[in-house]
Every structure is written in structure tokens, then in C-alpha cells.
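Engineer: Have a look at this one before I ask anything.
Coordinate-derived values only; no laboratory data. It should be emphasised that the depicted structure is a prediction, and the values quoted were computed from it without experimental measurement. Cβ atoms come from the backbone with ideal geometry, glycine included; neighbour counts cover every protein chain shown.
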Amino acid sequence: MTEIVDRLLPLLLENAELSKKGVDLLQKAHKQILRKSDADRTPEEWFVLGYYAQQVQQNDDALAHFTQAVLKNPEFEAAYKFRAMVCIDTQQFEDAEYDLNKALELDPSYTDARFERARMYHEMDEDKKAMAELKELIELDNEFADAYALLGSTSEKTGDYDGAIKAFASALELDPDNGHYLTQRGLAHYFAGNYELAEKDLLAAQKITGTNHITQFNMALVLSEHPDKVKDAYRSFEKAFKKAPDMLNHFYEQSGKLERQRLDGRLDGIITSQKAEEEKNGSQFYRQQLILLLERKLTEARGRS
């Protein structure tokens with residue numbers, strides 16, 4: 001194993017976001033390893049190639065490289081876990097389960113593998129299994145912030161918004177400046193009908209993550225619940241769809257059934273309530289535009305799902 005791989009491997013095994021220096025090191029290692037023949041590469045070098053391919057979303061290459069790593073070292077538990085992550089992302093759940101079970105057989109204390117198994121169950125809509133896995137994981141490591149966040153997402157998906165908000169709060173206690181956790185809690189507040197708390201969390205998240213089509217769409221959902229903020233709601237939806245015209249289509253294609261049904265019902269409810277306002281208080285330009293925009297986007301998304 002080369003010196004550069006020795007330096008890089010501990011960073012990759014943590015699966016934390018790489019610094020600029022770490023990214024540069026990964027790219028340098030990738031180039032060096034590619035100069036070697038397949039037969040001369042070590043399991044760790046195959047792992048680095050797999051990690052690199054995973055980061056640039058070359059999933060077939062990532063699977064092939066991680067497979068070479070475990071063929072050369074059948075006890076390389078991290079390679080099984082990372083191969084499982086690719087399988088989860090590509091919905092090859094049977095293969096993912098095999099790899100995660102193998103990783104945990106090799107190292108029963110491997111909490112990252114247990115987390116990925118919970119994520120797999122979450123993606124499969126086997127929510128009871130996901131929650132049981134996460135609760136067991138939290139008992140083993142009560143400072144695993146992502147475990148609390150995934151528990152929140154799973155609870156929210158099942159309609160347990162109080163449980164979701166509590167779980168996201170626990171994640172935020174461990175990582176207060178995590179914009180993703182704030183967004184998730186904000187959406188849990190939103191679907192629970194707590195619009196003021198939802199807006200507060202989403203604004204705080206936006207300060208951390210910046211403004212993009214997702215933050216604008218989420219904020220538009222909340223603004224739509226305020227009768228006096230119709231113009232702001234329309235503008236937020238308009239900006240979100242201008243930046244990502246197929247955003248709703250992609251969500252309908254990629255999300256789970258329950259999540260898709262929940263958003264579909266909420267958007268339908270916004271249209272219905274805005275039409276009721278039209279009948280009650282007369283026509284209003286931005287309300288009309290909001291109705292037309294959401295009806296058009298919903299029709300497109302439902303046609304693609």
C-alpha cells in the first residue's frame with residue numbers, strides 16, 4: 001500500500017465530508033493507483049478507487065472496485081459497507097442486505113454498517129424494522145447524530161410528527177448548525193400544522209445552506225398556508241421551478257410511496273384552499289397564478305410517476 005493511500009484511508013473510512021486538502025489527496029491517489037495493473041493493486045487501493053467512483057456517481061465502477069477489494073480481502077468489512085451504500089442508492093436491496101450483514105458479522109460493533117442497514121429499511125418502506133434498528137443503534141452510540149435524524153425521517157413518514165420533531169431536536173443538540181436537520185424538523189413542523197415553527201426552522205436552515213430551489217420550494221409550502229402571503233408563496237414556487245423545472249417530477253419518480261402521497265395531498269390541499277378563497281373573496285392575480293402553476297406541475301409529475 002502506498003504512502004498516499006496510508007494517509008487517505010483513515011479519512012475515507014470515517015465517511016466524513018472531505019476538506020479541500022482531502023479531495024486533492026483523493027484525486028492524487030486515484031491517478032497513482034490507475035497507473036498500476038489490476039493484479040498489483042492492494043485491497044485498500046481498490047477501495048480508494050471504489051470510493052472515488054462512488055463520489056462521482058459512477059455506480060457500476062464503484063461496485064466493481066469494491067468487489068475487487070473484498071475478493072482480495074474477504075474480511076475488509078468497510079468495503080462491504082461501502083458497496084452496500086451504492087446498492088441502497090441504486091435500489092439493489094437484496095445485495096445491500098447481504099453486504100451489511102457480512103460487515104456486521106465481521107465487526108458486530110460497526111455502527112456505520114448498522115446505520116446503513118436502517119437506511120436500507122427506510123428506503124424499502126420497512127419502517128418498523130428501520131426504527132428498531134435505529135433505536136438499537138442509539139443505545140450503542142447515543143451521540144450518532146445521523147441516527148437521530150433518520151429516526152426523525154422514519155417517524156415523520158409514518159405520521160408520528162411529535163416523535164419526528166423530538167428526534168430531530170436530539171440530532172440538533174449534537175450538531176446545532178446542521179442545515180439539513182433544521183430543514184427536516186421544519187418540514188415535520190409543517191406537516192404537523194405548526195407553520196410558525198416550520199418557518200422559523202426553514203429560515204434558520206436557509207442561513208446555513210444558502211438559497212436554492214429546494215429551500216425555496218419548502219418555504220413556499222409554508223407561505224402557502226398564510227392567506228396574506230399568497231404573493232410570496234407564488235414567487236417562491238416560481239423561483240424554485242425556474243431553477244429546477246423538473247424538480248417535482250424527479251421527486252415523484254424517486255421518493256417512496258408514502259412520501260409522494262403526502263406531498264401530493266398537501267399540494268392538492270393548497271390548490272383547493274386557494275380556490276375556496278377565490279370563491280369567497282373574489283379573484284386575486286397571484287392566487288390565480290399560484291393555482292395555475294401548481295396544477296400544471298402536479299399534472300406533469302403525476303403523468304411521469
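Engineer: With axes computed from alpha carbons, what is the tilt in degrees of helix 285-304 against the longest principal axis of the chain, rounded to the nearest 10 within 0 to 90?
Structural biologist: Here the helix axis deviates by roughly 40 degrees.
Engineer: What is the chain's relative contact order, in percent, from Cα pairs under 8 angstrom and six or more apart in sequence? Before the final figure, lay out the partial values.
Structural biologist: On the way: 347 pairs, mean separation 23.6, N = 305.
That works out to 8 percent.
Engineer: Calculate I(q)/I(0) for region 217-305 by the Debye formula, one identical point scatterer on each C-alpha and no solvent, and give its log10 at q = 0.14, 0.23 Å⁻¹ to two decimals.
Structural biologist: Listed by q, the Debye log ratios stand at -0.46, -1.18.
Engineer: What list of ³J(HN,Hα) values in whole Hz, one per residue of region 166-173 in order, does the Karplus curve 6.51 cos²θ - 1.76 cosθ + 1.60 (θ = phi - 60°) give from phi, with Gly and Pro shown as x?
Structural biologist: For region 166-173, the Karplus-derived couplings read 5, 5, 5, 4, 5, 5, 6, 4 Hz, x marking Gly and Pro.
Engineer: If you wrap a convex hull around the alpha carbons of the chain, what volume per residue comes out, as a whole number of Å³? Let's see the in-between values first.
Structural biologist: On the way: hull volume 42.4 nm³, N = 305.
Convex hull volume per residue, Cα atoms: 139 Å³.
Engineer: With respect to the cross-link table entries Lys21/Lys207; Lys21/Lys243; Lys81/Lys257; Lys21/Lys102; Lys231/Lys280, which display a Cα-Cα separation exceeding 23 Å?
Structural biologist: Working: Lys21/Lys207 26 Å; Lys21/Lys243 31 Å; Lys81/Lys257 26 Å; Lys21/Lys102 33 Å; Lys231/Lys280 18 Å.
Long pairs (Cα-Cα over 23 Å): Lys21/Lys207; Lys21/Lys243; Lys81/Lys257; Lys21/Lys102.
Engineer: Please identify which residues in region 230-268 have an amide N closer than 15 Å to a label point set 7 Å out from the Cα of Glu123, following the Cα→Cβ vector.
Structural biologist: Answer for region 230-268: 254-257.
Engineer: Quick one: Leu104, Leu248, Leu34, fewest Cβ neighbours within 10 Å first, how do they rank? Intermediate values should be presented prior to the final figure.
Structural biologist: Numbers: Leu104 19, Leu248 24, Leu34 11.
Ranking Leu104, Leu248, Leu34 by Cβ neighbours within 10 Å, fewest first, gives Leu34, Leu104, Leu248.
Engineer: By how many degrees, 0 to 90 and rounded to 10, does the Cα axis of helix 195-209 deviate from the longest principal axis of the chain?
Structural biologist: 40
Engineer: Roughly how tilted is helix 230-243, in degrees to the nearest 10 and between 0 and 90, from the longest Cα axis of the chain?
Structural biologist: Approximately 30 degrees, to the nearest ten.
Engineer: Oh, and also: Between the DSSP loop rule and a limit of at most 14 other Cβ atoms within 10 Å, which GluC sites (Glu not before Pro) in region 18-83 are left?
Structural biologist: Within region 18-83, the qualifying GluC sites (Glu not before Pro) (loop, at most 14 other Cβ atoms within 10 Å) are Glu75.
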